[in-house]
Amino acid sequence: MRKIIVAPSILAADFSQLGDEIRRVEAAGADWIHCDIMDGHFVDNISFGPEIVGRVRGLTSLPLDVHLMIEHADHYVPRFIKAGANSITVHVESEAKHSVTKTLLQIRQAGCRAGLALNPETSFSLVEPFLDRSDMLLVMTVHPGFGGQPFRTDQMPKVKRARSLNSTINIEVDGGINAETARISIDSGANVLVAGTSIFHAKDYAEAISKLRGT
Ligand code: DX5
Ligand code: ZN
């Protein structure tokens, strides 16, 4: 059995009490902290940048999993590394305006884990050539930009295909993950679960996290 990694997305946290929120998910058993970075160009929303990631670094010893939904990720990667990211995921779509090969290498050379993400509308064939240069594949299970959207089961063939090609790569799912959709994702071969709403909008974070693990 593969170890299941739960990565709460702080996009759904109460930012007026970010310190408390991070301490609460850490105490509740979170494995990583997922930071969603949005630039208002690659996606239709703006979230936060390296400054906040650096503050989060000071609040927890958990690995920081940084998901860049931005144009020209290569330009910003050094700032997120400096801020303390442990993994950085970039998008494969041409709208992200960077060289995927070069950015993945740039992330790895900085001693960080490199992830590659694809949107629901994007064909799996686009990421396939990069799998052996990535430490993680992020299969978006909603169109990125906003928390609280329903999970797209139609993305599971991508997870299954990736798992059949590579038994060791981390496969992360992101968007609409709750107890039920976590089970569907794990059964398809995913081992990293990003969840915003189902954790931060729950009363009991520990219960929410253990439900995601199926325990
Ligand atoms: C989507 C982000 C997700 C999102 C997940 O644009 O990449 O990480 O915050 O949120 P929920 O779990 O609420 O779908
Ligand atoms: Zn994300």
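Okay, here's what the table says:
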read-out	value
Loop-resident sites, the stretch 1-100, for trypsin sites (Lys or Arg not before Pro), counting at most 12 other Cβ within 10 Å (DSSP)	Lys3
Rg ratio (alpha-carbon, reference 2.2 N^0.38 Å) - the stretch 4-86	1.05
Percent antiparallel among DSSP beta bridges (both partners in the chain, rounded to 5)	5 percent
Phi to ³J(HN,Hα) by Karplus 6.51 cos²θ - 1.76 cosθ + 1.60 over the stretch 82-88, Hz, x for Gly, Pro	4, 6, x, 5, 9, 9, 10
Rounded D (µm²/s) - the chain, Kirkwood Rh over Cα pairs, Stokes-Einstein at 20 °C, 1.002 mPa s	127 µm²/s
Computed over the stretch 2-95: relative contact order in percent, which uses C-alpha pairs under 8 Å that are six or more apart	27 percent
Ranked by how many other beta carbons lie within 10 Å on average, peptides 113-124, 26-37 from highest	26-37, 113-124
Calculated from backbone phi, Karplus (6.51, -1.76, 1.60) coupling profile of the stretch 173-186 in Hz, x at Gly/Pro	10, 8, x, x, 7, 9, 4, 6, 6, 5, 4, 4, 5, 5
Debye intensity ratio I(q)/I(0), log10, the stretch 70-152, q values 0.16, 0.22 Å⁻¹ (C-alpha model)	-0.59, -1.06
Values of log10 I(q)/I(0), in the order q = 0.27 Å⁻¹, for the stretch 136-215 under a Debye, Cα-only, solvent-free model	-1.30
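No lab work stands behind these numbers, since they all come straight from the coordinates. Values in this document were obtained by computation on a predicted structure and should not be read as measured data. Heads up, the Cβs are rebuilt from the backbone with ideal geometry, glycines too, and the neighbour counts pull from every protein chain shown.
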